[in-house]
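Below is one structure; the comments refer to it alone.
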Amino acid sequence: MSCDTNKNLSDELKAKDGVITLTEEVNGLKYRLMLIDENAVERLRNVKNAETIRADKAESELHLLRSVYESLLGKWNALWSEPEHNEAARKVKERKARLAAEKQNRYQNILSRFIAEGRAALRAFAFTNRTNFNDKEAASIYYGIMAVAHKTELNLGTKEGISSAVNNFLSGVSWLDCSKFNVECVTSWAHLFAERDVTYEPSIIDNFISFVDYMSCSAETYTSLGGSNGSADQLTNWDGTKKLGLKSATKKKGQSY
C-alpha cells in the first residue's frame, strides 16, 4: 500500500513539472511576440515621423515659392498696367504680326516667281530647234517644278507626286503661237526631264526651301536664277563669304538633258 502511494505521488509531481515547463514556454513565446510587435511599431513610427518632416519641409518651400511668385506677379502687373507699356506692347505685337504676314507674302511670291521663270524658260525652249535643255533652262524648269510641288504640298519622293507637279507646272505654261506638234514634243520632254533625268533628294529640297526662306526675309533679297540680278548660286554674306545657294539641276547617274 505504501509503495503504491509513493508511486502515485511521484507521477503527480512529474505531471506538475510538465505543466510548469509548458507554461513557461508559452510565456516566453508571448514575450518574444511582444518584442517583435514593438519593433515593428517603432519602425512604422520612425517612417511616419520622417514623412511628416519631409511634408512639412515641402509645404514650407512651397509657401515660400508661392510668396515669391505672387510678389513678382504683382510687380509685373503693376509694370504693364502703365499706359506707355501697354501701348508699346501693342505696337510690338502689331509689328510682329505685320512683318510675319509680309514675309509670308514674299515667300509665296518668290515661289511664284520661280514657277514663272521655269514656265517662261520652257516656253522659250519650245520656239527653238533644240531637243535638249541647256543648263540655264534645266535649272529654271527644275526649280520651277520644285516650287510648284512645295506650293501645292506635293511629295517629290513619289512618282505620283512628281507627275502631279509636272502636270501642274505645264498647265500654267503659255503656248500661244506655238504649234500643236511643238507643244506635244516639249510637254513630253518636260515629263522625261522631270521624271527620268533628274533627282529630288531631300537635302536638295531642304536647301531650296531654306533658300526661298532666306530670300523672303527682305523684299530686296530676291535673286533670279538667270536674270539681270545674277545667279542664285552666287549670293554672298555680309562679310564676303559665299552663301549656300541653288545649284544646277541634279541629274540621275548616266542621264543627260
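In whole Å, what is the distance between the alpha-carbon centres of the range 144-161 and the range 49-94? That distance is 49 Å. For VAL198, the residues whose modelled amide H falls within less than 5 Å of its own, excluding neighbours fewer than 5 places apart on the same chain, are LYS252.
Classify the range 57-113 as rounded, prolate or oblate from the Cα gyration tensor: take a ≥ b ≥ c as the square roots of its eigenvalues, call it rounded if a/c is under 1.5, otherwise prolate when a/b beats b/c and oblate if not.
It is oblate, given that a/c is not under 1.5 and a/b is not larger than b/c.
Under the criterion of Cα pairs below 8 Å and six or more residues apart, the relative contact order for the range 106-215 equals 31 percent. Since only ASN207, ALA165, PHE181 are under comparison, the one whose Cα sits farthest along the positive direction of the charge dipole of the range 106-215, derived from C-beta charges on Lys, Arg, Asp and Glu, is PHE181.
Compute, for the range 106-215, the length of the dipole vector about the Cα centre, with Cβ point charges of +1 (Lys, Arg) and -1 (Asp, Glu) only. Units Debye, rounded to 20.
300
Can you tell me the FRET efficiency between ILE205 and ALA89 if r is taken as the Cβ-Cβ distance and R0 is 30 Å, rounded to the nearest 0.05? Efficiency computed from Cβ-Cβ geometry: 0.20.
Computed from the coordinates by the stated procedures, all read-outs in this text should not be read as laboratory data. Please read all numbers here as calculations on a predicted model, not as lab measurements. Positions of Cβ are generated from backbone atoms using ideal geometry, with glycine treated the same way; all protein chains shown enter the neighbour counts.
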